Amino acid sequence: QVQLVESGGGLVQPGGSLRLSCATSLHLFSSFTMGWYRQAPGKQRELVATINSGGSTNYADSVKGRFTISRDNAKKTVYLQMNSLKPEDTAAYFCNRGGGLSFPWGQGTLVTVSS
């Protein structure tokens, strides 16, 4: 059973930073494109960043230039560095495959951006 465990969320003021982590139990983790998703209250889940097996990244326009996705294949972990946070970044954040059939979703980690 694949496990995805997100952590690092919290309450932060606008303009602040957070670093999210997603620890996985994925066999052959390094071969998967991984992604970070978020779901705000009352909205659909959206993909905000992906990183492929070669380290190439893509970002949603709404976070480009502010968020950075990275991975540590030895630790089977994917990260999301979030800078210059805005109230509209408030959401539950999840990691999963960056495309194709999703793994079972983890519980996510809540990010609240508020003064």
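Data for the structure
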| item | result |
| --- | --- |
| Criterion violated by R38 - all others in (1) within 11 Å of the chain's Cα centre (by Cα); (2) within 18 Å of S114 (Cα to Cα); (3) open to solvent by 20 Å² or more (accessible area, probe 1.4 Å) satisfied | (3) |
| Test set (1) open to solvent by 40 Å² or more (accessible area, probe 1.4 Å); (2) at positive phi; (3) in contact with a Leu (Cβ under 8 Å, 6 or more places away or on another chain) - G8 fails condition number | (1) |
| Single residue of S102, S84 found to be outside any strand (DSSP E or B) and without any contact (Cβ under 8 Å) to a residue 24 or more places away in the chain | S102 |
| Top-ranked residue of segment 101-115 - restricted to ones that are open to solvent by 70 Å² or more (accessible area, probe 1.4 Å) and not polar (S, T, N, Q), ranked as modelled with the lowest pLDDT | L101 |
| Residue in segment 52-65 that is polar (S, T, N, Q) and outside any loop (DSSP other than H, G, I, E, B) present | yes |
| Residue in segment 41-51 that is nearest to the chain's Cα centre (by Cα), counting only those that are not β-branched (V, I, T) and not in a loop (DSSP other than H, G, I, E, B) | A49 |
| Subset of segment 38-64 (residues that are in contact with a Ser or Thr (Cβ under 9 Å, 6 or more places away or on another chain), in contact (Cβ under 8 Å) with a residue 12 or more places away in the chain, of a type outside the set (S, T, N, Q) and over 17 Å from P87 (Cβ atoms)) | A49, I51, G55 |
| Matching option when the condition is under 21 Å from L28 (Cβ atoms) and either at pLDDT 95 or above or among the hydrophobic types (A, V, I, L, M, F, W, C) (or both), among T90, T77 | T77 |
| Flag if K86 is over 15 Å from the mean Cα position of the chain (by Cα), under 18 Å from L110 (Cβ atoms), open to solvent by 30 Å² or more (accessible area, probe 1.4 Å) and not small (G, A, S) | yes |
| Residue in segment 12-23 that is nearest to K75 (Cα to Cα), counting only those that are open to solvent by 20 Å² or more (accessible area, probe 1.4 Å) and under 16 Å from the mean Cα position of the chain (by Cα) | A23 |
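The values are calculated or read from the model by the stated rules, or taken from the named source; none is laboratory data. For clarity, every value in this text was computed on a predicted model and none was experimentally measured. With ideal geometry, Cβ positions are generated from the backbone for all residues, glycine too; neighbour counts draw on all protein chains shown. Surface accessibility is based on the protein's heavy atoms, side chains included, excluding ligands, DNA and RNA. Shrake-Rupley method; radii C 1.70, N 1.55, O 1.52, S 1.80 Å.
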